[in-house]
Amino acid sequence: MSYTPTRKLSAIMFADIAGYTALMQSSEHEAVRSRDRFRAVLAEAMSGRRGEAVQHYGDGTLSIFESAVEATESAIEVQRALRTGPKVPLRIGIHVGDIVRDKEGVYGDGVNVAARIQSLAEPGSVLMSERVADEIRNHAGLPLRSLGRHELKNVAQPVGVYAIAAEGLVVPDPDDLHSH
């Protein structure tokens, strides 16, 4: 059976547990519990928001959404849920871009940009590209703070990066941003 790759514009969300490798070395049980809690909270947050976790990789997940607003709302819900016990230190990055989906998964420049933005995030924060910020700017309850333009590894042009400044979320200091 052949599978034809499909291309579409999507809101792409990368989420990654900070310190997972160290946690796995100190307590495999705790690491697996954190990962499983994160995945369950993410699935709940995506429910009804047209989101899909398309790839899981160890301590992280690549999800796609049909809406930048719904991706952002899901990210906020996940971060707020994981603040309370047992806490899971999660970094989230969101970008709107073109993706290609085939039988192996999802790929494309938009996926790479979302991953690079996530690598700038601090645990408890939701960072996004300027393209996402433009989509959500006029929605109540989604306050934005500009973190400036940043060079991202293997991305040709600097990207405007924003943080969601909603209650309970971490907003990184722009001077502290650097790829991990």
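Values for this structure:
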item: Under 16 Å from residue 153, Cα to Cα: lysines that are on another chain or at least 8 residues apart; result: none
item: Accessible area (Å², per residue) of the stretch 22-65, counting only protein heavy atoms and a probe of 1.4 Å; result: 52 Å²
item: Percent carbon-and-sulfur accessible area, the stretch 49-180, ignoring ligands, DNA and RNA, probe 1.4 Å; result: 44 percent
item: Sequence-distant aspartates and glutamates (8 or more away, or on other chains) whose Cα lies within less than 15 Å of residue 8; result: 52, 66, 98, 102, 109
item: Of the DSSP H helices in the chain, those whose Cα atoms cover at least 18 Å axially and whose Kyte score averages -1.0 or more; result: 28-46, 68-82
item: Label-to-label distance, nm, for residues given as residue 149 and residue 3 (7 Å Cα→Cβ offset); result: 3.9 nm
item: Choice from 108, 51, 160 with maximal GNM fluctuation in the chain (Cα, 10 Å cutoff); result: 108
item: CD proxy at 222 nm, helix term only [per DSSP H run n ≥ 4: -39500 (n - 2.57); per residue of the chain; nearest 500]; result: -10500 deg cm²/dmol
item: Quarter of Cα convex hull surface for the chain, i.e. mean projection, nm²; result: 10.9 nm²
item: Solvent exposure of the stretch 123-172 as accessible area per residue, Å², 1.4 Å probe; result: 52 Å²
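The values are calculated or read from the model by the stated rules, or taken from the named source; none is laboratory data. Bear in mind the structure is a predicted one, so any value in this text is a computation, not a measurement. Using ideal geometry, Cβ is built from the backbone for each residue, glycine included, and neighbour counts are taken over all protein chains shown. Accessible surface is based on the protein model in full, side chains and every heavy atom, while ligands, DNA and RNA are left aside. Shrake-Rupley method; radii C 1.70, N 1.55, O 1.52, S 1.80 Å.
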